[in-house]
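The values are calculated or read from the model by the stated rules, or taken from the named source; none is laboratory data. These figures come from a predicted structure and were not determined experimentally. A quick note on method: Cβ atoms are made from the backbone with ideal geometry, for glycine too, and the neighbour counts reach across all protein chains shown. Just so you know, the surface numbers come from the protein's heavy atoms only, side chains and all, with ligands and any DNA or RNA stripped out. Shrake-Rupley method; radii C 1.70, N 1.55, O 1.52, S 1.80 Å.
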Amino acid sequence: MGVQSTAQLRQRAGSFDWGRAYEIADVRGRVAIAGVGESEYSGPSGRTAKEMALVAVEKAIADAGLVPADIDGLMSTANVADQLMPEDFHAHFGTSHPMWYSGEGGGMVWAATCPEQAAEALHARKARHIINVFSVDWASRRAAGTGTPGDYHANEPMKALFEVPFGWYPQPVYMATQACRHMHEYGTTQEQLGELAVAFRRHANGHPGAVMRAKTLSMEQYLAKPMLADPLRMEDCCLVSDGAAAFVMTTPERARDLPHAPVIVEGIGRGVIDNAPYISQQKLLTATPQTFAAPWAFAMADMKPSDIDVIALYDCFSITALMMIEDMGFCAKGEGGAFVAGGTLGFDRPRSQGGLPCNTHGGLMSHAYVLGIAHVVEIVRQLRGEAANQVSDARVGLYGGFTAEEAATLIMRRA
Amino acid sequence: MATFGPHSDDALAAPFWNAAREDRLVLPYDRASGRCTWYPHAGADIDWREAKGPARLVAWSVVRAPINPDFEPPYAPALVVLDCEPGVRLVTQIVDCDFAELRCDMALELCFRTLEPRTHAPFRAPVFRPAHAR
């Protein structure tokens, strides 16, 4: 199949009446991930975002079989504080070569979409090896009283004018109201939300890097925990963490000469609600912008949900991941609760057995809250066959990213 | 830090909160199209008109843990739709009820309360309570 135009992709992906897909160019088969690296993940640690980013970058460069002088491209999330910039890279590694940079990389939706810009830069010969990095110091900030994950929302003018005064803030309240509606419309139950919490915690228990690796969680324990904001418990919410991760992108041809089997990008999609960024106003409270993002990614990859062997979804809250499973087409809208029941998401329940291995590292809820960058790293490890909770014969993986009013999908396959 | 609505003199919010001080709910209507635009748009020619209940409860959450320094649990932030303006979804609170009686799509009536956040001065606000048969 030749390169698809954005018109063709839009035709295949469809149109929607409460949001839209971004026009992501067809980069299928044009960019590969050749190296991954992670810092230690923890609660408050006193480490700075930049120092953790450099640890992850060092490891990713080494994992790719490269040296710092080989890295001539950098991507990070420019509108998040203290992210790695080219001058930080050069100061740390003692390099000074020209460094292509994009501020539309890093975490959240950008952990999924950054390969589009990277592919363009690689093929325009602006860079040969591009590193994408995201780092988070919110655990330390919250402990020190200098910042919280809610700040982004409290600083939005309309939210501060019309939402924050009523106590509709911070994020657990947003998702709790979505869960309320989802339970009303579809009969989703507490136990079904608990299936996600228990499944991801079990995965964390088997992952040496997960923050919650030593704390087990049974369904009985989950149901006995107190409510945080009805119907969500603290165990339905993501952690607050310190940590960083990075991945190196290059052309598939160049990746073939590097130590690890390349992981090839097959599809990317990104979507946004109408009336963004006000998720209070989104027409369907029981769905996410994956509704608009996933179809574009599947169209680019020329794949269907049944082609996917392993997924990593942005589980800021259990209900978010459940709704994404529906919105991406792994099950019908409203059937997410029944779908996740009975251990469907376990790493040891492959697709051939009717399962859908999900967040095999433990997710934001039990591995670390680094806003999706570690999800991409986990999918790469799964496709290489080197994951801690390895899914048997994982060939195609998917990351579902999220940023409240937006979502993005990244589909990758092992070479 | 963006300004807390009730204490803002932002032209997009001041009419809303000034009216609330008089126990009135007003919504922004675009003079050109006659339609209610929510949230109000900067640069639009806005006519703020009074709106009244009844309303329907779209969704809510009873906050039970101290996740917000301003309010002491339990309290119920909610999303509500006025019957007279179904295209607008208001963020508000549900008051004067046993939270266990709340149900999606239940009928509500508009009322006003003085909310007392811990880190701001008290302010009058349009909130809702379950409508009861008379």
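Projecting the Cα atoms of A:342, A:56, A:284 onto the charge dipole of chain A (Cβ charges, centred on the Cα centre) puts A:342 farthest toward the positive pole. Taking 7 Å steps out from each Cα toward its Cβ at residue B:116 and residue A:257 produces label points 7.3 nm apart.
Could you state the number of Å between the C-alpha centres of region A:304-358 and region A:120-139? Between the Cα centres of region A:120-139 and region A:304-358 lies a distance of 29 Å. Per-residue ellipticity at 222 nm, computed for the protein assembly as shown from helices alone with -39500 (n - 2.57) per DSSP H run of at least four residues, works out to -8000 deg cm²/dmol.
Using a 1.4 Å probe, what is the accessible area per residue for region A:286-415, in Å²? Display every interim value, and only then the final one.
On the way: 2820 Å² over 130 residues.
Normalised by residue count, the accessible surface of region A:286-415 is 22 Å².
Around residue A:98, with a cut-off of 11 angstrom between Cβ atoms, what is the net charge of the other residues, counting Lys and Arg +1 and Asp and Glu -1?
Details: positive: A:126; negative: A:72.
Within the 11 Å Cβ shell, the charges total 0.
Note on residue A:5 and residue B:49: their simple-model spin labels are 4.5 nm apart, each label 7 Å out from Cα toward Cβ. Surface composition of region B:74-134: carbon plus sulfur atoms contribute 50% of the solvent-accessible area (1.4 Å probe, protein chains only, all chains present). The C-alpha atoms of chain A define a longest principal axis, and helix A:318-327 lies at about 70 degrees to it. Placing dummy labels 7 Å off each Cα toward the beta-carbon, the span from residue A:216 to residue A:17 is 5.0 nm.
What separates the Cα centres of region A:215-267 and region A:170-191 is a distance of 22 Å. Between chain A and chain B, roughly 3200 Å² of accessible surface gets buried, counting both sides and using a 1.4 Å probe. Surface composition of region B:1-61: carbon plus sulfur atoms contribute 46% of the solvent-accessible area (1.4 Å probe, protein chains only, all chains present).
The length gained on full extension between residue A:185 and residue A:81, counted as 0.36 nm times the residue separation minus their Cα-Cα distance, comes to 33.5 nm.
Where does helix A:49-63 land angle-wise versus the long Cα axis of chain A, in degrees 0 to 90, nearest 10? With rounding to tens, the tilt is 60 degrees. For region A:33-101 and region B:29-105, what is the separation of their C-alpha centers, rounded to whole Å? Region A:33-101 and region B:29-105 have Cα centres separated by 44 Å.
Using the heavy atoms of the protein chains alone and a 1.4 angstrom probe, what is the accessible area of chain B per residue in square angstrom?
On the way: 6400 Å² over 134 residues.
Ligands and nucleic acids excluded, the result is 48 Å² per residue.
Normalised radius of gyration (Cα atoms, divided by 2.2 N^0.38 Å) for region A:1-99: 1.46.
If the segment from residue A:306 to residue A:276 were pulled out straight at 0.36 nm per residue, it would be longer than the present Cα-Cα gap by 7.7 nm. Based on the Stokes-Einstein relation at 37 °C and a viscosity of 0.692 mPa s, and on the Kirkwood radius from alpha carbon pairs, the protein assembly as shown is assigned a translational diffusion coefficient of 136 µm²/s. Ordering B:76, B:117, B:102 by the projection of their Cα atoms onto the charge dipole of region B:65-134, which places +1 on the Cβ of Lys and Arg and -1 on the Cβ of Asp and Glu, puts B:117 at the extreme positive end.
Computed from the C-beta positions of residue B:84 and residue A:155, the FRET efficiency with R₀ = 51 Å rounds to 0.95. Burial of accessible area (probe 1.4 Å, heavy atoms of protein chains only) in region A:224-240, relative to its chain alone, reaches at least 40 Å² for A:228, A:230. Extension gain for residue B:107 to residue B:21 (0.36 nm times residue separation, less C-alpha to C-alpha distance): 28.5 nm. For region A:130-216, the solvent-accessible area works out to 33 Å² per residue, with a probe of 1.4 Å and every protein chain left in place. Residue B:127 sits among other residues whose Cβ lies under 12 Å from its own Cβ, and their net charge, with Lys and Arg +1 and Asp and Glu -1, is 0.
Within the shell defined by Cβ-Cβ distances under 11 Å, the residues around residue A:3 carry a net charge of +1, with Lys and Arg each +1 and Asp and Glu each -1. Ligands, DNA and RNA left out, the 1.4 Å accessible surface of chain A is 51% carbon and sulfur atoms. Using only Cα atoms, find the angle between the long axis of helix A:290-301 and the longest principal axis of chain A, and express it within 0 to 90 degrees, rounded to the nearest 10. For A:290-301 against chain A, the angle is about 40 degrees.
Buried on complex formation within region B:65-86 (loss of at least 40 square angstrom of accessible surface versus the isolated chain, 1.4 Å probe, ligands and nucleic acids ignored): B:67, B:68, B:77, B:79.
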